[in-house]
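Let me begin by presenting the structure, written as C-alpha cells, before commenting on it.
Since every read-out is calculated from the coordinates, none of them should be taken as a lab result. Quick caveat, the model's predicted, so the values are computed rather than measured. Here the Cβ is made from the backbone with ideal geometry for all residues, glycine too, and neighbour counts use every protein chain on show.
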Amino acid sequence: MYDALALMDAPAPSPLPPPRAIRTHGAGKRSGPGQVTTAKDMENTEWVSCIAAIRDARDEAAFARLFGHFAPRIKAFLMRSGADATLAEECAQEVMATLWQKAHLFDPTRASAATWIFTIARNRRIDALRKQKRPEPEDLTWGIAPEPDQADVLALQQESDQLSAAIAALPEKQRVLIEKAYFSDLSHSEIAEQTGLPLGTIKSRIRLALDRLRHAMK
Amino acid sequence: MTNMIQHHLTDALMMAYSAGSLPEAFSLTVATHISMCDECRARLGAFDTVGGALLEGTDEVAMTRDSFAATMARIRAARPEVKPAPRRAGLLPAPLQDYIGGDLDAVRWRPVGMGVRQAILPTSKAATARLLYIPAGAAVPDHGHRGTELTLVLQGAFVDQVSRFGPGDIEIVNEDLNHTPVADIGADCICLAATDAPLRFRALMPRLAQPFLRI
C-alpha cells in the first residue's frame, strides 16, 4: 500500500521530487522519533481496535462507537447518491450489519476503517440503486495473519490521513468534481450533463486533482 | 506473468470502478485485469482510499432513533455467513469464472465466422461483455466503435494498429479508432471484450450479421 498512492497513475516518467526518506524505509523503521502521530491517526487506530473487538469478542460497545461515527456518514453518502431517507437508513443499517459479520475479513495493513466501510457501502449502493452485481478481483490472501504488524497498521492509517488532508486542500472546483464522481453514481459524461460543464473540463479538472493528490503523497 | 503486463487500466477507469459507476460488463473486465495485475491492484487500493477519505469527510445525516437496536436485530436475525468459495484453480481468474459458471472448458462458444467464436456473458444491458476466441493468425473483422471497448487478453496475444497485447494486457479503444485485431501466429487468442455500444463493422457482411449475432 505504501507505494500504491504513487502508483495511481500508470508508470510514467515523473518530474516530481524523489520520495521523502521515510517512504523508502521498511515499515518496521517507520515509527522513529520524527514520526508525528496526529489526533486523526489516533482515531483511525481506535476504529481498527473496535473492529478487532467485534471480531474477537462480539463487542457491542465497540460496535456502538463505530455505528455512532460511521452510520450517519453512510446515510449521507447514500442520500447524495440519490437514495431517499428511508432507503438510505435501511442500507446504512445493512452496511453496519455487514461490518459486524465480516469483521474477520478487515485487514488494517491494507485499508483504514473508513476505506473498508466505503467499499461495503459502495457495493450496497450498486446493489440497491442499480440492481447490479459488483464483480470483485480475485482475492490474493489465503487468510489474514491473526496479528498484523502494528508498524504496518500505523503507517497505513497515517497515509490514509495524509490523503484525507490532501483532498481537503484541493481547490474547490476540483474537490467538488472528485466528490461527485464518488458520491453521485454518475459517469463523467453524466456529470457533464448535470453541471453543464464541458466534458473536457471535467476530465482535466479530475486529472489535475489526481496529480495534486499524487504530489501530496510523495 | 504479472510483470509482463504492458498495457494497464487508465486513471479514469480505475476511478470509475472504485466509485462504482461503471456498467457491470466494464466492472467485470476491470476486476479480471486486476486479478492478473498486481500493479493495478495496488492502484485500486489508492482509489478506494480516496473514497474512504470522502466518506470520512462527508456531512452526517442523523440515523433514526432506534437504528442501533434495529441493526443489532438484523445481525441476530442473519443466518451465519456462508464461507467464501476458495480460490479456484484454473486458467481464468475468479470473477470471470463466476460469470461463466466454470473455467474455460465450461464456455459455450458460438461461431461468428472466419473461425472466430464468441460467448456473451450475462451482465446488465448498459454494456456487453463477451469472450472472443480468435484462432492463431486469424483476424477479427475491421471495426469501429460508437462508444468504448475494453479488450483484455486472457491467453495468446493479438496485434492491431496500436500495439501488441499479450496475456493480462488491456486495450482501451474509443470511437476514434477503426482497428483490426489479429491473433498472434503462435497460439489461439482468448480475450474478454466489453463494449458500451454495438461495434460497427466496415465490411458489408459482418454488418448484416451483426443484429443476429450480437457482436
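Distant-in-sequence amide contacts of residue B:112, defined by a placed amide H-H separation under 5 Å and a gap of 5 or more residues or a different chain, comprise B:117, B:118. Taking 7 Å steps out from each Cα toward its Cβ at residue A:131 and residue B:66 produces label points 3.0 nm apart. A protection proxy built from the mean count of other Cβ atoms within 10 Å ranks the segments B:56-67, B:122-133, most packed first, as B:122-133, B:56-67. If the segment from residue A:140 to residue A:197 were pulled out straight at 0.36 nm per residue, it would be longer than the present Cα-Cα gap by 16.5 nm. Do the alpha carbons of any pairs in A:40/A:203; A:180/A:203; A:102/A:133; A:40/A:218; A:131/A:173; A:75/A:131 sit beyond 22 Å of each other, and which pairs? Table pairs above 22 Å Cα-Cα are A:40/A:203; A:131/A:173. What distance in nm lies between label points placed 7 Å from Cα along the C-beta direction at residue B:188 and residue A:58? My value for the distance between the label points is 5.3 nm.
In plain terms, if you count all Cα to Cα distances in region B:1-55 and split them into 10 Å steps from zero, the share in each step is 25, 55, 19, 1 percent. Peptide packing for A:70-77, B:38-45 was compared via the average number of neighbouring C-beta atoms within 10 Å per residue; ordered from the highest value, the list is A:70-77, B:38-45. The stretch between residue B:77 and residue B:114 holds 7.7 nm of extra length on full extension. This uses 0.36 nm per residue minus the Cα-Cα distance. Between residue A:176 and residue B:136, the modelled label-to-label distance comes to 5.8 nm, taking each label 7 Å out from Cα in the direction of the beta carbon. Close amide H partners of residue B:146, meaning residues 5 or more places away or on another chain with modelled amide H under 5 Å apart, are B:200. Using only Cα positions of region A:56-108, each an equal point scatterer, no hydration layer, compute I(q)/I(0) via Debye at q = 0.13 Å⁻¹ and quote the log10 values to two decimals. Listed by q, the Debye log ratios stand at -0.34.
Over the whole of B:106-115, what's the average partner chain Cβ count within 10 Å per residue? Rounded to a whole number, please.
Working: counts 0, 0, 0, 0, 0, 0, 0, 0, 0, 0.
If you average over the peptide's residues, the count of other-chain Cβ atoms is 0.
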